[in-house]
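Let me begin by presenting the structure, written as structure tokens, before commenting on it.
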Amino acid sequence: MELILEQLPIVIHALNIGFLQTLKLFFVTLIGAIPLGLVIAFGSMSRFKPLSYLTKIIVWIVRGTPLMIQLLIIYYFPGLVLGNPIWGGGETGRFLAASVSFILNYACYFSEIYRGGIQGVPVGQTEAGLVLGMTKTQIFFKVKLLQMIKRIVPPMSNEIITLVKDTSLARIIALQEIIWAGQAFMKGSQGISGAIWPLFFTAVYYLICNGILTLLFGRLEKKLDYFR
Amino acid sequence: MSILEVEHIQKSFEHTEVLKDISFSLEKGQVLSIIGSSGSGKTTLLRCLNFLERPDSGIIRVNGESLFDSSASSRKNEAEIRKKRLHFGLVFQSFNLFPQYTALQNVMLARELLAKEQPDYKSRKKEIHQEIEAQAEILLKQMGLADRMQNYPHQLSGGQCQRVAIARALALQPDILCFDEPTSALDPELTGEVLKVIKELADTKTTMIIVTHEMAFARDVADHVIFMDDGCILEQGNPIDVMEHPKEERTKQFLARFTQG
């Protein structure tokens, strides 16, 4: 126990650095996947059949395979198979590859949530807007958008909380996020080796982060509670 | 001149002919009731008038101006259709109020959006807004909803929702106000309060087309009744003739269920 107290400042410092990388991947994924998901959602609902089939196939592949495999393929395939390591080495390259994988993966999940939200608004809302002389754009922004947002908040919060934990998968391409930082103390780092507790301790970070997210989404849901 | 003339309207979905050669006209200030069993094409006819469906053929004229003519080749763009549908208002069976807006906002929204297209909107913004709000308040009071203006639709009863929907349709001052089974989603008590405001509108000479299953109401309020069956107008005339002395066997059969009950 005394030993752990002695190691604690060193470990926390290392985990903080790792968690910063975790958060970076988390926010970059959100910023990329939230709009890309909308593009994919409209693609799969398109009346132009080839586009709708293409997007549906992409969504099927991305949702049908493990994110860990996607990370490996996106990171290693260009270099090992095509002989063209587009990501470059080092942490920056790994972060880029991880970001692309996560954005693509999460955009596909988000797109299905959006689609449910868009199609969940009754057609009567559009018709009421039309007979009142509104344009399609006005109907989307003034009538349907808020109803869609209300519908997608609960499933989106679920997915976003999963994303926080999924970032740990980037460990597979050696991205130096918090799990990687914790694991380092098993192999030996900064004079500490064979310690497994730092790895266990990473759970606290995820728990606090998701606690905050849960509170934020709870407040957003409450804010949208004024209508049904 | 009739305010509305409908000539030879036809409409098919897939392989089912829903409207077969529908023609009728309506005078200004009159009330037309359309009765008939479910699936006879009443709702589709209203939806054609409001441009929610495009007829396969036929002509629709309002005040002598042709709004739809299948023989005229030019396809109308969205902006033109938008202007034309403002001749009509439509009250839906399921209200279709906008849930995120209060009763007052529901009534004001469409007019505010239209006002933005006026050239003098920017300079008279405040004035226009107050004008629209004042009109909406008058309409809601007329509907007996003076104390419900700030409520959201989910806080209102079905009857109150439908009265907000009527006010919302009236806000745009349509030439012809259409009702698609306005009381079919309501219990008898709430039906009464909605029929009462429609009756009041009829008394003030609002031109209306009412699709309804409320036979007593149709006879009471209408100047003209159309009985539809299987996509055709089987019988039409003044309510006493059509509803009390029907000529067609099918009409007698349909009305028998109501007079017996």
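The values are calculated or read from the model by the stated rules, or taken from the named source; none is laboratory data. Only a predicted model underlies this, so the values are computations on that prediction, with no experimental measurement involved. Because the Cβ atoms are built from the backbone with ideal geometry, glycine has one as well, and the counts that use them run over all protein chains shown. Keep in mind that these areas ignore ligands, DNA and RNA; they rest on the heavy atoms of the full protein, side chains included. Shrake-Rupley method; radii C 1.70, N 1.55, O 1.52, S 1.80 Å.
Between the C-alpha center of the stretch A:38-52 and that of the stretch B:14-73 there is a gap of 34 Å.
What's the carbon and sulfur percent of the stretch A:2-227's accessible surface, probe 1.4 angstrom, rounded to a whole number? Present the calculation step by step, with values, prior to reporting the outcome.
On the way: 8360 of 11870 Å².
Using a 1.4 Å probe with all protein chains present, the stretch A:2-227 comes out at 70 percent carbon and sulfur.
The calculated FRET efficiency for B:TYR121 paired with A:ASN158, based on their beta-carbon distance and R0 = 41 Å, is about 0.40. Accessible-area loss of 10 Å² or more (1.4 Å probe, protein heavy atoms, chain alone versus all protein chains) is found in the stretch A:97-135 for A:GLY124, A:GLN125, A:GLU127, A:ALA128, A:LEU130, A:VAL131, A:LEU132, A:GLY133, A:MET134, A:THR135.
Shielding by partners for peptide A:143-156, expressed as the average number of C-beta atoms from other protein chains within 10 Å of each residue's C-beta, is 1. Counting Cβ atoms of other protein chains within 10 Å of each Cβ in B:31-37 and taking the mean gives 0. Springs join every pair of Cα atoms under 10 Å in this Gaussian network model of chain B, and among B:PRO174, B:PRO55, B:PRO99 the largest mean-square fluctuation is at B:PRO99.
What relative contact order, as a whole-number percentage, does the stretch A:2-227 give when Cα pairs under 8 Å and 6 or more residues apart are counted?
Values: 225 pairs, mean separation 62.6, N = 226.
It comes to 28 percent, rounded to a whole number.
For chain A, a Gaussian network of Cα nodes joined below 10 Å ranks A:LEU215, A:LEU30, A:LEU38 by mean-square fluctuation, and the top entry is A:LEU215. Within the straight-line cut-off of under 15 Å between alpha carbons, the aspartates and glutamates reachable from B:LYS205 are B:GLU27, B:ASP175, B:ASP220, B:ASP223, sequence neighbours fewer than 8 places apart in one chain being disregarded.
Taking the Cβ-Cβ separation of B:THR204 and B:PHE13 as r and a Förster radius of 41 Å, what is the calculated FRET efficiency to the nearest 0.05? Please report the intermediate quantities before stating the final value.
On the way: r = 37 Å, r/R0 = 0.90.
E between B:THR204 and B:PHE13, to the nearest 0.05, is 0.65.
For chain B, what is the relative contact order in percent, using Cα pairs closer than 8 Å and at least 6 residues apart in sequence? In percent, rounded to a whole number, it is 26. The HN-Hα couplings worked out from phi for the stretch B:193-207 by the Karplus form 6.51 cos²θ - 1.76 cosθ + 1.60 (θ = phi - 60°) are 5, 6, 4, 4, 5, 5, 4, 4, 5, 5, 5, 8, 6, 7, 6 Hz, whole numbers, x standing for Gly and Pro.
Each residue of the stretch B:16-23 was assigned a 3J(HN,Hα) from its phi angle through the Karplus curve 6.51 cos²θ - 1.76 cosθ + 1.60 (θ = phi - 60°); the sequence is 9, 7, 8, 10, 10, 6, 8, 9 Hz, with glycine and proline shown as x. Amide H to amide H distances under 5 Å link B:ILE209 with B:LEU32, B:LEU177, B:CYS178, B:PHE179, where only residues 5 or more positions off or on other chains count and H is placed in the peptide plane.
Assuming charge only on the beta carbon of Lys and Arg (+1) and of Asp and Glu (-1), the dipole of the stretch A:2-227 about its Cα centre is about 920 debye to the nearest 20. By a straight-distance test (C-alpha under 29 Å), which lysines pair with B:LYS247 as possible cross-link partners, with residues fewer than eight away in the same chain excluded? Within the straight-line limit of under 29 Å, B:LYS247 reaches these lysines: B:LYS11, B:LYS20, B:LYS28, B:LYS42, B:LYS199. Chain A packed on chain B takes about 2200 Å² of accessible surface away from a 1.4 Å probe, both sides summed.
Counted by Cβ distance under 13 Å from B:LYS116, the other residues give a net charge of +2, where Lys and Arg count +1 and Asp and Glu count -1. Placing +1 on the Cβ of every Lys and Arg and -1 on the Cβ of every Asp and Glu, with no other charges, gives the stretch B:175-253 a dipole of roughly 160 debye about its Cα centre. Within the stretch A:1-83, the chymotrypsin sites (Phe, Trp or Tyr not before Pro) that combine a DSSP coil assignment with at most 11 other C-beta atoms in a 10 angstrom radius are A:PHE48. Within a straight-line Cα-Cα reach of under 30 Å, B:LYS122 can be paired with the following lysines, leaving aside sequence neighbours fewer than 8 residues apart in one chain: A:LYS136, A:LYS142, A:LYS144, B:LYS76, B:LYS83, B:LYS84, B:LYS141.
Net charge near A:SER101, counting Lys/Arg +1 and Asp/Glu -1 over other residues with Cβ under 11 Å of its Cβ? Can you show the working numbers first?
Working: positive: A:ARG94; negative: A:ASP166.
Combined, the nearby Lys, Arg, Asp and Glu give 0.
Each Lys or Arg adds one and each Asp or Glu subtracts one; over the other residues with Cβ under 11 Å from the Cβ of B:GLY192, this totals -2. Taken one residue at a time, the phi angles of the stretch B:65-70 give Karplus couplings (6.51, -1.76, 1.60, θ = phi - 60°) of 8, 7, 8, 9, 9, 5 Hz. Gly and Pro are set to x.
How large is the charge dipole for the stretch B:1-159, taken about the Cα centre, if only the Cβ atoms of Lys, Arg (+1) and Asp, Glu (-1) carry charge, to the nearest 20 debye?
On the way: 21 positive and 20 negative charges, 67 e Å.
In total the dipole reaches around 320 debye.
Averaged per residue, what accessible surface does the stretch A:2-227 expose to a 1.4 Å probe, in Å²?
Values: 11870 Å² over 226 residues.
With the other protein chains kept in place, the stretch A:2-227 gives 53 Å² per residue.
Peptide B:51-59 shows a mean partner chain C-beta count of 1 within 10 Å per residue C-beta.
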